[in-house]
Amino acid sequence: KTQLGEIPMQEFIEQPELDFLSEYEGFVYSRFKTDTKQGQLIHAALGVAGEAGELVDAIKKHTIYGKPLDLENVREEIGDTMFYLVAALNTLGITMESVLQQNMDKLTKRYPVKYSNEDAIARADKKV
């Protein structure tokens, strides 16, 4: 367990190799409950909401109650959230690679060099 101020800020987080992303998509596919497409989407969306709530609770305990940040629990909740996000992607036939690339493209338009409050307000990616 650690205090939030002790978490090192990383300027660059290495992107996972695409083979690993594909492997993880297959892993989720093999372990996610089979149902109708609608049932799978509902299950995935509720799973994301539930796991995100657990992540928020862990951070609340640290920031509001002053408890040490349980990084192991935070990693677990982020992993569980990712599982359900990838389940939704699989159900919809969307790859993680395509979503991540689309997100990078959008944020590159919004923040051409790096984050700034001015760019966040201007939201260049939303201008037609």
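The values are calculated or read from the model by the stated rules, or taken from the named source; none is laboratory data. All of these numbers come straight from a predicted model, not from anything done at the bench. Glycine gets a Cβ as well: all are built from the backbone with ideal geometry, and neighbour counts include every protein chain shown. Side chains included, ligands, DNA and RNA excluded: accessible areas come from the protein's heavy atoms. Shrake-Rupley method; radii C 1.70, N 1.55, O 1.52, S 1.80 Å.
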**Pair list, Cβ under 6 Å, 6 or more apart: the stretch 60-85 residue farther than 30 Å from residue 34 by Cα, other residue among the basic types (Lys, Arg) and not in a helix (DSSP H, G or I)** = 61/67; 68/1; 70/1
**Message:** Going by what's in this entry, would residue 90 be described as over 19 Å from residue 23 (Cβ atoms) and open to solvent by less than 80 Å² (accessible area, probe 1.4 Å)?
**Reply:** no
**Prompt:** Pick from the stretch 101-115 the residues that are in contact with a helix residue (DSSP H, G or I) (Cβ under 8 Å, 6 or more places away or on another chain) and not aromatic (Phe, Trp, Tyr): which of them is surrounded by the most Cβ atoms within 10 Å (Cβ to Cβ)?
**Reply:** 110
**Request:** Keeping to the stretch 92-112, report how many residues are touching an Asp or Glu at 6+ places or on another chain (Cβ under 9 Å), closer than 18 Å to residue 37 by Cβ and part of a helix (DSSP H, G or I).
**Result:** 0
**Fill in**
Just one listed residue, out of 76, 72, 51, is open to solvent by less than 50 Å² (accessible area, probe 1.4 Å) and either charged (D, E, K, R) or in a helix (DSSP H, G or I) (or both), and it is 51
**Prompt:** Of all residues in the stretch 28-48, how many are surrounded by 15 or more Cβ atoms within 10 Å (Cβ to Cβ) and not in a helix (DSSP H, G or I)?
**Reply:** 1
